[in-house]
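Novice: Quick one: the structure is below, questions incoming.
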Amino acid sequence: MERAPVRAPLIKNLEFKVGLLMVLTGIIALAFLIYVLHARGAFEDSQALVLTADNADGVSIGMPVTFSGFPIGQVRRMTLTDEGQVRLTVDVPEKNLRWLRSTSVFTLEKPLVGGAKIRAYTANLQDPALVPDAEIPLHTGDTSQEIPVIVAKVRAILENVQAMTQSGSSIDQTLTHVSTITGRMSGPYGLMEGVLGDGEKARKLVDTIDHANTVLKSVNGISLRVDGMLGKTEQRLFAEGGAMDEVQQSLAQINVLLREAQGSLKKADAILGNAEAISADVKGATTDIGTLRAEVDDSLNKVNHLINDINRIWPFKGEGELTLP
Amino acid sequence: MIQFQAINETLTRRGAATLSWLRGWGSLIWFAYSALVHALSPATYNSATRSVIQKQIYFTAWQILPGYTLFAALLSFVIIQIVVSTARDFGLSDFALETVIRVLVLEILPLVTALFVALRSSAAINTEVALMNVHNEIKALEDLGVDAMQLEFIPRVIGGTLSVLALSTVSGLMALILAYVVVYGAHPWNFPAYTLVVSKIFDLGILLGLGFKVVLFGMAVTVIPISEGLRAPSKLFFVPIAVLRGMVRLFFVLMLIEVASLALKYI
């Protein structure tokens, strides 16, 4: 079986078309090669600097070094020294060198998601320029490494907070006490109730003070009456004898009366003394009670005076002094 | 006794099949080697071979250039969009461009180009050589004192390889431009950032590896069909079988080259 020879159809401008395609391919390939060489800094002077770190986890060749978020250089070489230190050789093109100073700080940051980043920080752009082949430590700020430490600390804090807030803890008890005291203070006897413990005691104190006031009033009344009586007695004494016994008896009664008054005042005074001691640091209350005491003292002085007067007038001198304990 | 004979026959058949399979690979490697040697010797390039090379390039590359470029652009655009938007969703935009260039320019586009040329030209070459073998044309040429290897086969290998190189280069450039436009928009301001990414991806090793891989692809799509066509017995009904075997072997080899290239780069 013979096969008819296959004649290729005549193609117009075959050589031109194929030549064009081949030249185009060649130009593209060459241009790309030149572009890659340019991209890798083959036509640009660059300066090397060496970053030393304990650990270069996440660093790869070609990784950019950024300054303010802009890439200014690339990691070119990674070597491990005999001391176990990592040396990263970074190429920085001449035009980017102005961002790096001798005081620049380099950090390797490893975020939770995404690749590691080498960042350069320059505080003062006026500082002296970087020396070629300078060796600079690379600070590693590894977020993921710090997490366990942070978690441990937070747990300790939470435990403390729990211990503080659970029922029966010191703070809880203190707060309960404060609540009790302020609750009492909001009662009808205010601060005094808060200090003394309950309303009943405070009421008693107030009652006692009221009582003392009443007693003093009646003593006042009595002393007035005694004054009047003395006038009459004097009259009767100087006018006519015979009324002396009566007068003596009534004076004796007065004496008894005054002693009773003294007794009740002593009691009142003792209570006041206690109140003063209890509320020593409650200034307002103390001042009130001090005033009260001054009043009582005053009243007692008056009574003393009265008795002295009586004694002066009365020849049968008896024990007539009243003192406040 | 009969059982023993059956086992013996089975083993003989298996052994023969294996030997034939190995012989196929052997002749393929031998052919590839001699093609390479011929391609590198200046004596190969005379006006006759040049004309065959030109025609091969014309049919393999020039004819499909517009359609293939369009297809490559579409494929690149879709892949770039997917990678860039996915990376943005995960907050990994920094890596989108690098991933796109690596995936498209270094891997997918050369492989797709090779497959495209394989489907279009390799099948045709395989059939033609098998038919030449059936019609004893090769022997006739040799009788006339013409080296069929030099006149017919080597120009096809060279033309096919150059075609795959050209198509890969054009589609790769297209992908690089599209990647820039999709990631940075149609402004020239971000060219330095793009340059930085390019410098990170392409070093000498990667460039040489890419070139070597594309040349291997180009040789595979021509050497394997010719070798399979030559190996076919001179019977017309063996032609389809030869084409089928050639295409399967070609696909296998292309994948093998791709896997080897990936393994060398990333493992």
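Novice: Checking A:Val36 against (1) surrounded by 19 or more Cβ atoms within 10 Å (Cβ to Cβ); (2) not in a helix (DSSP H, G or I), which test does it fail?
Specialist: Answer for A:Val36: the failing condition is (2).
Novice: Test of understanding: among B:Thr195, B:Thr222, which residue is hydroxyl-bearing (Ser, Thr, Tyr), touching a Gly at 6+ places or on another chain (Cβ under 6 Å) and either more than 10 Å from chain A (Cβ to nearest Cβ) or part of a helix (DSSP H, G or I) (or both)?
Specialist: The unique qualifying residue is B:Thr222.
Novice: To continue, here is another question. Which one is surrounded by the most Cβ atoms within 10 Å (Cβ to Cβ), of the residues in region A:39-55 that are within 14 Å of chain B (Cβ to nearest Cβ) and either out of contact with any Ser or Thr (no Cβ under 9 Å at 6 or more places or on another chain) or part of a loop (DSSP other than H, G, I, E, B) (or both)?
Specialist: A:Arg40
Novice: Then there is this: Say we look at region B:103-140 and pick out the residues that are small (Gly, Ala, Ser) and surrounded by fewer than 20 Cβ atoms within 10 Å (Cβ to Cβ); which of these is modelled with the lowest pLDDT?
Specialist: Step by step, filter region B:103-140, then rank; the result is B:Ala140.
Novice: Checking A:Tyr35 against (1) within 14 Å of chain B (Cβ to nearest Cβ); (2) without any contact (Cβ under 8 Å) to a residue 24 or more places away in the chain; (3) farther than 24 Å from B:Asp94 by Cα, which single condition isn't satisfied?
Specialist: (3)
Novice: List the residue pairs whose Cβ atoms are under 9 Å apart, where the first residue sits in region A:155-180 and is without any contact (Cβ under 8 Å) to a residue 60 or more places away in the chain, the second is charged (D, E, K, R) and surrounded by 10 or more Cβ atoms within 10 Å (Cβ to Cβ), and the two are 6 or more positions apart or on different chains.
Specialist: What qualifies is A:Met164/A:Asp172; A:Thr165/A:Asp172; A:Gln166/A:Asp172.
Novice: Kindly indicate the residue of region A:68-98 that is within 14 Å of A:Ile136 (Cβ to Cβ) and not in a strand (DSSP E or B) and also nearest to the other protein chains (Cβ to nearest Cβ) among those meeting that condition.
Specialist: For region A:68-98, the residue satisfying everything is A:Leu97.
Novice: OK, next. Quick one: in region B:62-102, which of the residues that are among the polar types (S, T, N, Q) and part of a helix (DSSP H, G or I) is modelled with the lowest pLDDT?
Specialist: B:Ser93
Novice: Next question, about the same structure. Since B:Met149 meets every condition but one in (1) surrounded by fewer than 23 Cβ atoms within 10 Å (Cβ to Cβ); (2) touching a helix residue (DSSP H, G or I) at 6+ places or on another chain (Cβ under 6 Å); (3) modelled with pLDDT under 90, which condition does it not meet?
Specialist: (2)
Novice: Any idea which residue in region A:265-282 is farthest from the chain's Cα centre (by Cα), counting only those that are at pLDDT 80 or above and exposed (fewer than 15 other Cβ atoms within 10 Å of the Cβ)?
Specialist: Only one residue tops the list, namely A:Lys266.
Novice: If I ask for residues that are among the aromatic types (Phe, Trp, Tyr), under 21 Å from B:Ala118 (Cβ atoms) and either in contact (Cβ under 8 Å) with a residue 24 or more places away in the chain or not in a helix (DSSP H, G or I) (or both), which ones from region B:20-61 would you list?
Specialist: Within region B:20-61, B:Phe31, B:Phe59 meet the criteria.
Novice: Taking region B:132-158 only, how many residues are without any contact (Cβ under 8 Å) to a residue 12 or more places away in the chain and assigned to a loop (DSSP other than H, G, I, E, B)?
Specialist: Total satisfying the criteria: 5.
Novice: Taking the criterion of being touching a Ser or Thr at 6+ places or on another chain (Cβ under 7 Å) and over 27 Å from A:Leu37 (Cβ atoms), would at least one residue in region A:59-78 satisfy it?
Specialist: Among the residues of region A:59-78, not one is touching a Ser or Thr at 6+ places or on another chain (Cβ under 7 Å) and over 27 Å from A:Leu37 (Cβ atoms), which makes the answer no.
Novice: Might you check whether a residue that is more than 19 Å from A:Thr140 (Cβ to Cβ) and either within 12 Å of chain B (Cβ to nearest Cβ) or part of a loop (DSSP other than H, G, I, E, B) (or both) occurs anywhere in region A:56-63?
Specialist: Yes, region A:56-63 contains at least one residue that is more than 19 Å from A:Thr140 (Cβ to Cβ) and either within 12 Å of chain B (Cβ to nearest Cβ) or part of a loop (DSSP other than H, G, I, E, B) (or both).
Novice: Cβ-Cβ under 9 Å, sequence separation 6+ or interchain: first residue in region B:161-181 and away from chain A (no Cβ under 11 Å), partner of a type in the set (S, T, N, Q). Which pairs?
Specialist: So the pair list comes out as B:Thr161/B:Thr222; B:Ala175/B:Ser76; B:Leu178/B:Ser76; B:Ala179/B:Ser76; B:Tyr180/B:Asn190.
Novice: Which condition breaks for A:Thr214 when tested against (1) modelled with pLDDT of 80 or more; (2) surrounded by 15 or more Cβ atoms within 10 Å (Cβ to Cβ); (3) of a type in the set (Val, Ile, Thr); (4) more than 22 Å from A:Leu196 (Cα to Cα)?
Specialist: (2)
Novice: Does A:Met63 meet the test of being touching a Leu at 6+ places or on another chain (Cβ under 6 Å), of a type outside the set (Asp, Glu) and without any contact (Cβ under 8 Å) to a residue 60 or more places away in the chain?
Specialist: no
Every residue, every condition in (1) among the aromatic types (Phe, Trp, Tyr); (2) assigned to a helix (DSSP H, G or I); (3) in contact with an Asp or Glu (Cβ under 8 Å, 6 or more places away or on another chain); (4) surrounded by fewer than 23 Cβ atoms within 10 Å (Cβ to Cβ), yes or no:
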residue	(1), (2), (3), (4)
B:Ser199	no, yes, no, yes
B:Leu207	no, yes, no, yes
B:Phe212	yes, yes, no, yes
B:Val215	no, yes, no, yes
B:Gly218	no, yes, no, no
B:Ser227	no, yes, no, no
B:Phe238	yes, yes, no, yes
B:Val248	no, yes, no, yes
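Novice: While we're here: Among the residues of region A:231-242, are any at pLDDT below 80 and of a type in the set (A, V, I, L, M)?
Specialist: Yes, region A:231-242 has at least one match.
Novice: Sticking with this one: Spot the failing condition for A:Pro132; the list is (1) within 30 Å of B:Thr99 (Cβ to Cβ); (2) surrounded by fewer than 13 Cβ atoms within 10 Å (Cβ to Cβ); (3) over 34 Å from the mean Cα position of the chain (by Cα), and only one is missed.
Specialist: (1)
The values are calculated or read from the model by the stated rules, or taken from the named source; none is laboratory data. Note that this is a predicted model, so its numbers are computed, not measured. Ideal geometry is used to build each Cβ from the backbone, glycine not excepted, and the neighbour counts take in all protein chains shown.
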